[in-house]
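Remarks on the structure that follows.
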Amino acid sequence: MDLFTENDERLKQLHGLNKMYAETLIGYLRAYRGKDALAREDTIEDLLTDMVAAQADGITSKDHFGKDPQAAADEILSELPRAPKAQWLLLYWPLVNSLWDLVFVFGISLLLTGETVNVNTLLGWLVLPVFFIAVAPLFRGLGFNHIQRKTKWRASIALVLIIAFYAVLFAIPDMPALKMSVLQTGSGVAVAILVVCNLVMSFSLRRLALPWLLYWLIVGPSALALLGGGLPLGLAVVLLLVFMVAGAALNMYQSTHLHFVFQAQGGKRSQADR
Amino acid sequence: MAKIETQMLKGTLDNAILMIIAQGETYGYALLQQLQDAGFGVIPEGTVYPLLLKMQRNGLIVAHRHAIATGPDRKYYRITAAGEAHLQAFLPQWKQLTTAMNRLIAGQEG
C-alpha cells in the first residue's frame, strides 16, 4: 500500500463532521498539482495522524486544525517543494494517451459504418476534454464552508472561460468532411508519434510509458487494418470496443496506482527511506 | 486564559516553537500541548504546521519518523546547529524588547 492509499485509510478513521472537514482539506491540498506529491502526502499523513489523535481526545478536527482551513492549507502549500517535471507527465500522460485512444477508436468505428468526420468534430473531441481538465483546478476551494473571495474569483473566471470557449466553438464555420485517406494517414502518424514518445519515456518512466507503448503497438496497426480488412462489421465494432475499454482500463489503473514519480520509474519506497 | 491575538503571535510563535524543540525532540500533536502548557493558549495546528515546514526549509530543524509501539508513526522534530545559532541571536533581542516593554508597562501602571 503506498502513502496515498494509506492516507485514504487514515481518513476513514475520522467520523462525521471531522471526516467531512478533513476530506475538504485534503481534497484542496491534492487538487493543487504544482507541488511535489510525496511531500504533499507526507504532510497529509501528519495532519491526519494528529486529527485522529485529537478525535480520540474528544477534540473536533475544526478546533484542532483551525477555523480557516483554506488559509492554513495555502500556507502549507506555499512551503512545499515544487512538483518535479516527471510528476506532470504522471498526471497528464495517461490522459493524453486515452484521449487519443477514444478519438482514434471512435473515429475508425464511424468510418467503418460509413459516417464522415470533419475537422469541427475532431477538434471538439480533442480540445473539449483538454479544456475542461485545464479549467478544473480553478474550482478549487469551493468545498469549504467559508468560501474566500479569491476562490469566488477563480470560479467566476472559470465559468467565463467555459462560456467563451463554447462561443468560439460555435463560431467556427463548418468544415468539409475529411477524406478517408487523410484520416488514415493522420491517425497513423499520430499513433506513430505516440509509439515513439512512449518508447523514449519507457527508459525512465517504465510503468507509465511501457504499457502504452505495447498498447499502441497492438491497437494502432490492428485498428487501422480493420478499415481495409474484410471482417464483418459487428465483429470489427466489438474489437474496437475491446480496444477502447482496454485503453480506459489502463488509464484508470495508472491514475489509481501511480501517484508518485518513483512508482512510475518502477521503484519501491520503503518506510526507512522516508 | 485569554486568547493571544494572531498578529501578536506571528512574530514570536516560530521562536517559541524552536525553543520547545530545543528542549528535546517532539512531534506536532505534543507540540500543541507544550505550547498550551507554556501559556500560549490553544493554538490550532493550521497555524503551527506551516511554521514547522518553514523552519525545516530554512534548516533550523530536521524531521524524522519514529515507529512507536503505542501508536502510529510520528514525525519528530529536532533542532539543528543553525537553529541553535538562530536562538542565540534571537534571545538577546527578545530580552531587550521585553525589558523595554516592561519599563513602559511599569510607567503606565505606576
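So what is the relative contact order of chain A, in percent, for Cα pairs below 8 Å that sit 6 or more residues apart? That works out to 22 percent. For the stretch A:60-67, backbone phi angles converted through the Karplus equation (6.51, -1.76, 1.60; θ = phi - 60°) give residue-by-residue couplings of 6, 4, 5, 5, 6, 8, x, 7 Hz, Gly and Pro being listed as x. Most tightly packed first, judged by the mean number of other beta-carbon atoms within 10 Å of their residues, the peptides A:88-99, A:171-182 read A:88-99, A:171-182. Couplings 3J(HN,Hα) of the stretch B:36-41, computed from phi: 5, 4, 6, x, 7, x Hz, in residue order, whole Hz [Karplus 6.51 cos²θ - 1.76 cosθ + 1.60, θ = phi - 60°; x for Gly and Pro].
Put a plus charge on the Cβ of each Lys and Arg, a minus charge on the Cβ of each Asp and Glu, and nothing anywhere else: the dipole of the stretch A:3-83 about its Cα centre is then about 300 debye. The angle between the Cα long axis of helix A:3-12 and the longest principal axis of the Cα atoms of chain A comes to about 60 degrees, rounded to the nearest 10.
Which of the listed residues, A:Ala158, A:Leu111, A:Val219, is farthest toward the dipole's positive end in chain A, when Lys, Arg count +1 and Asp, Glu count -1 at the beta-carbon? It is A:Leu111, whose Cα lies furthest towards the positive end. In a simple Cβ point-charge model (Lys, Arg +1; Asp, Glu -1; nothing else charged), the stretch A:135-214 has a dipole of about 500 debye relative to its Cα centre. Within the shell of other residues whose beta carbon sits under 15 angstrom from the beta carbon of A:Trp93, the net charge comes to +3, with Lys and Arg scored +1 and Asp and Glu -1. Calculate how steeply helix A:149-171 sits against the longest principal axis of the alpha-carbon atoms of chain A, using the helix alpha-carbon long axis, and give the answer as 0 to 90 degrees to the nearest 10. Between helix and principal axis, roughly 10 degrees.
Database remark: amide H of B:Thr26 closer than 5 angstrom to the amide H of B:Tyr77 (H placed geometrically; neighbours at sequence offset of 5 or more, or on other chains; Pro and chain starts carry no H).
In terms of packing, defined here as the mean over residues of other Cβ atoms within 10 angstrom, the peptides A:35-46, A:134-145, B:51-62 line up highest first as A:35-46, B:51-62, A:134-145. Averaged over the residues of A:56-68, the number of partner chain Cβ atoms lying within 10 Å of the residue Cβ comes to 3. Taking the Cα centre of the protein assembly as shown as origin and assigning +1 to Lys and Arg Cβ atoms and -1 to Asp and Glu Cβ atoms, the resulting dipole is close to 560 debye. A simple count of charges around A:Tyr28, restricted to other residues whose Cβ falls under 10 Å of its Cβ and scoring Lys, Arg +1 and Asp, Glu -1, yields 0. By the scheme Lys and Arg +1, Asp and Glu -1, what is the net charge of all other residues having a beta-carbon under 15 Å from that of A:Ala209? Taking every other residue near A:Ala209 into account, the sum is +2. Under 5 Å from the amide H of A:Lys35 lie the amide H atoms of A:Ala83, each residue being 5 or more positions distant or on a separate chain, with H modelled from the backbone and absent for Pro and chain starts. Rounded to the nearest 10 degrees, the angle from helix A:37-56 to the longest Cα principal axis of chain A is 40 degrees.
Fully extending the segment from A:Val200 to A:Met252, taken as 0.36 nm per residue of separation minus the present Cα-Cα distance, adds 16.5 nm.
Bear in mind these aren't lab numbers, they're just calculated from the coordinates by the rules spelled out. Since this is a predicted model, take the numbers as computed values, not measurements. Because the Cβ atoms are built from the backbone with ideal geometry, glycine has one as well, and the counts that use them run over all protein chains shown.
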